[in-house]
Amino acid sequence: MTYEVVKIITIVLICVTETAMLYHAFATFLNRNLVKKKYYVLALIGYFCCVIFTSVNDFSVYFVSSFCFFLIVIIAFLFFNDIAEVKITVSFMFVALNYACTILASTMHWRIQQQSVWDYPVTLKQTILTQIFLYTIFSLLVYIIDKLRGLQEKHRAVFNGIYVFTVPLCMLLLIFKLFIFTSTIQSSSYFFVYHLTISGLLFLTSLSLYFLTDRTSTLDNVNRQKMMVEQMLAMQNNYYSALDSQQKEIQSIFHDLKNHMRYIKTMLDSQQYDEASQYINRVYNDTVQLQSSCQSGNRVFDSILNQKLSVASRNEIPVKLSLIIPPILTIDDVDICILLGNLMDNAIEACNRIEEDGPKKFIDVKASIKKEYLYVNISNAYNGQVKIENHVYQTVKTGARYSGIGLSNVQRVVEKYNGKVSITHEDNVFTVSCLLGLDLPQNK
């Protein structure tokens with residue numbers, strides 16, 4: 001096989017694998033839009049032709065990487081419906097991963113061949129074997145990254161530790177290794193350029209870590225808000241489902257009321273007073289049982305507390321309510337949900353942890369308006385064990401979907417309304433008192 005034939009086969013293999021790698025990366029990390037598939041295929045063919053153009057010419061690595069990145073971004077924006085940040089990030093990731101595998105393949109081949117420094121392919125031209133190795137490593141890394149992305153949802157703490165600690169640490173170690181290596185360079189110009197490069201890498205690394213931290217914090221806040229809204233909607237859905245069931249039963253009772261009255265009148269006419277009294281008591285008791293446990297007049301309070309009262313009732317926890325609040329408050333419904341939901345969850349959990357020979361279970365809920373503040377006080381029995389870290393009370397419930405919200409977000413809600421939280425625990429009674437500013441207009 002002549003040199004020219006081998007060269008042509010190598011160029012075709014490079015173009016095919018490069019295009020396949022791009023298709024694989026985009027299919028894994030991006031979501032296609034509604035643009036017809038034939039246009040996407042034409043775009044990939046165009047990328048294939050551009051790779052041929054760069055392969056047959058001895059362009060510098062800087063030009064080839066910039067040129068390919070520009071084409072990749074265009075394809076990402078034309079044929080995928082992810083947000084711009086994701087498209088650009090995936091394009092950067094493809095270029096970085098591609099060149100990481102390319103340099104690895106070139107370096108391994110150069111080392112195996114035991115060639116001199118001057119024989120290293122600085123333009124990163126590949127052979128048939130190195131290109132096959134490059135494609136294999138690239139595909140394997142994309143597969144591993146995709147699997148890690150799926151596992152991240154189940155083991156978020158572990159992966160956060162890897163991303164936040166291990167990866168930046170390895171980056172710094174590699175950069176410092178490069179810094180030590182520059183001490184062996186005898187040329188002043190190379191020495192100057194290498195140190196400027198190292199300084200730039202450290203700067204860009206710190207900048208990337210800053211944006212990663214900022215984005216992580218933003219996503220964490222978004223997830224918390226989403227969890228809070230889901231919690232409130234779940235409570236309201238349970239409340240309205242129960243209310244709908246009660247309304248149907250009330251309609252049924254009113255439908256039968258005429259028959260009840262006729263039967264009572266018959267017994268009274270027959271002077272069956274005891275039987276009539278007993279029958280009236282049964283009808284009355286059935287009607288009373290249909291009444292909601294909490295009827296404060298405020299729909300959010302009623303929604304949350306009725307749902308929690310149902311849970312407490314199933315766990316045989318007596319709950320006492322003392323609520324004097326207006327139907328409408330200036331506090332957001334979501335914030336009320338966070339406040340009441342978490343305090344009631346913690347109170348119920350604390351009661352459930354009490355053993356049979358422990359203190360008597362109870363929950364006492366009070367809410368009222370004090371001047372320009374909403375006052376909420378929840379007391380409950382507990383087993384005498386509390387969890388305090390850095391002078392901050394921590395929730396002890398485990399396994400619940402919303403257990404990550406906790407007392408810290410209760411504190412956050414109270415601070416949002418310029419209020420205060422007071423927590424006490426003594427004589428097996430745990431009490432949380434909250435004041436939330438209502439910003440009501442002063443009476444003239």
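The table that follows gives values for the structure above.
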{"item": "Selection count where residues are in contact with a Lys or Arg (Cβ under 7 Å, 6 or more places away or on another chain) and not in a helix (DSSP H, G or I), scope the stretch 337-361", "result": "1"}
{"item": "Pairs, first farther than 12 Å from Ala347 by Cα in the stretch 303-325, second small (Gly, Ala, Ser), C-beta under 6 Å, six or more apart", "result": "Ile304/Gly341; Asn306/Ser292; Asn306/Ser293; Leu323/Ser296; Leu323/Ala367; Ile324/Ser368; Ile325/Ser296; Ile325/Ala367"}
{"item": "Search result, residues across the stretch 25-68 that are among the polar types (S, T, N, Q), over 36 Å from the mean Cα position of the chain (by Cα) and surrounded by 12 or more Cβ atoms within 10 Å (Cβ to Cβ)", "result": "Thr54, Ser55"}
{"item": "Single residue of Ala43, Ala20, Ala25 found to be farther than 22 Å from Val122 by Cα, in a helix (DSSP H, G or I) and without any contact (Cβ under 8 Å) to a residue 60 or more places away in the chain", "result": "Ala43"}
{"item": "Any chance Leu323 is among the aliphatic types (A, V, I, L, M), assigned by TED's automatic domain parsing to the domain that holds Val421 and modelled with pLDDT under 90", "result": "no"}
{"item": "Selection count, the stretch 100-125, where residues are of a type outside the set (A, V, I, L, M) and not in a loop (DSSP other than H, G, I, E, B)", "result": "9"}
{"item": "Qualifying residue in the stretch 89-107 (condition: over 38 Å from the mean Cα position of the chain (by Cα) and of a type outside the set (A, V, I, L, M, F, W, C))", "result": "yes"}
{"item": "Filter pass, Phe79 being over 18 Å from Leu134 (Cα atoms) and either touching a strand residue (DSSP E or B) at 6+ places or on another chain (Cβ under 8 Å) or hydrophobic (A, V, I, L, M, F, W, C) (or both)", "result": "yes"}
{"item": "Unmet requirement for Val319, which otherwise passes all of (1) closer than 18 Å to Gly297 by Cα; (2) surrounded by 16 or more Cβ atoms within 10 Å (Cβ to Cβ)", "result": "(1)"}
{"item": "Unmet criterion (only one of (1) in a helix (DSSP H, G or I); (2) modelled with pLDDT of 85 or more) for Lys366", "result": "(1)"}
{"item": "Complete set of residues in the stretch 53-75 that are under 16 Å from Ile103 (Cα atoms) and β-branched (Val, Ile, Thr)", "result": "Val61, Val64"}
{"item": "Residue among Val122, Val95, Val56 that is assigned by TED's automatic domain parsing to the domain that holds Glu18, β-branched (Val, Ile, Thr) and either over 21 Å from Lys7 (Cα atoms) or touching a Phe, Trp or Tyr at 6+ places or on another chain (Cβ under 6 Å) (or both)", "result": "Val95"}
{"item": "Condition broken by Gly406, with the remaining ones in (1) within 22 Å of the chain's Cα centre (by Cα); (2) modelled with pLDDT of 90 or more satisfied", "result": "(2)"}
{"item": "Identity of the residue in the stretch 109-127, of a type in the set (A, V, I, L, M) and exposed (fewer than 14 other Cβ atoms within 10 Å of the Cβ), that ends up nearest to Ile14 (Cα to Cα)", "result": "Val122"}
{"item": "Members of the stretch 321-365 that are among the aliphatic types (A, V, I, L, M) and touching a Phe, Trp or Tyr at 6+ places or on another chain (Cβ under 8 Å)", "result": "Leu323, Ile325, Ile331, Ile336, Leu340, Ala347, Ala350, Ile354"}
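Okay, residues lined up against (1) at pLDDT below 85; (2) outside the structural domain of Ile324 (by TED's automatic domain parsing); (3) in contact with a Gly (Cβ under 9 Å, 6 or more places away or on another chain); (4) in a helix (DSSP H, G or I):
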residue	(1), (2), (3), (4)
Met267	no, yes, no, yes
Arg282	yes, yes, no, yes
Thr287	yes, yes, no, yes
Phe301	no, no, no, yes
Gln307	yes, no, yes, yes
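The values are calculated or read from the model by the stated rules, or taken from the named source; none is laboratory data. On a predicted model such as this, the values are computed, not experimentally measured, just so you know. Quick reminder, even Gly has a Cβ in these numbers, built from the backbone with ideal geometry, and neighbours come from all protein chains shown.
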